[in-house]
Amino acid sequence: MNTAAKNKMVLLVLGILLIANLVLLSVFFLNKPDVKRGEHKSPMTDFLQKEIGFNKEQMAEFETIKSDHRSQVKELFDKMRNNKEQAFKELGTKSFSDSAIINAATYSALQQKDLEIQMLKHLKAIRNICTPQQRAKFDTGFYKVMNRGKDHRP
């Protein structure tokens, strides 16, 4: 095969690849759902509306509880991040002794416990919005939503 034929073949392959990439990019960007930041419904919001049957007043109260919970959890995460840095520094100054490792792990576990308690109190507050009929549905379904939400996070 001569050089001119090889060049034509390379140009043809490059052209096909370029067109394929353009088609793929257009499909990816043009078929993207039109959801703006802050407008995405969480799996819990969908669950409460569709499966539990929250009315507008209940949803408004849920949004208030959710907002309060987010600010509390943000504070906890900030505290955990700052304390973890301090614990790591302490590990270094104590030459990673067994007692320093145990202290750091214990402190980390206590912070995680506080976070879990906060989450469970949040679920209790949501449950308290429910009517007695809705509570039965909530009690048998909330844990499915909690696990399902993990699959949809980026």
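All of the numbers you see were taken from the coordinates with simple rules; none came from a lab. All values reported here derive from a predicted model rather than from experimental measurement. Backbone-built Cβ (ideal geometry, glycine too); neighbour counts: all protein chains shown.
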How big is segment 83-142 by Rg and Dmax over its Cα atoms, in Å? 19.1, 58
Value at 222 nm in deg cm²/dmol, rounded to 500, when DSSP H runs of n ≥ 4 in the chain each add -39,500 (n - 2.57): -28000 deg cm²/dmol
Helix 3-30 axis, angle to the chain major axis (alpha carbon atoms, nearest 10°): 30 degrees
Where nothing but the Cβ of Lys and Arg (+1) and of Asp and Glu (-1) is charged, how large is the charge dipole of the chain around its Cα centre, in debye to the nearest 20? 400 debye
Going through 84/124; 79/113; 66/137; 50/144; 66/113 one by one, the pairs whose alpha carbons sit over 18 Å apart turn out to be 84/124; 66/137; 66/113
Mind listing the Cα extents of the chain along all three principal axes, in Å, largest one first? 76, 57, 24
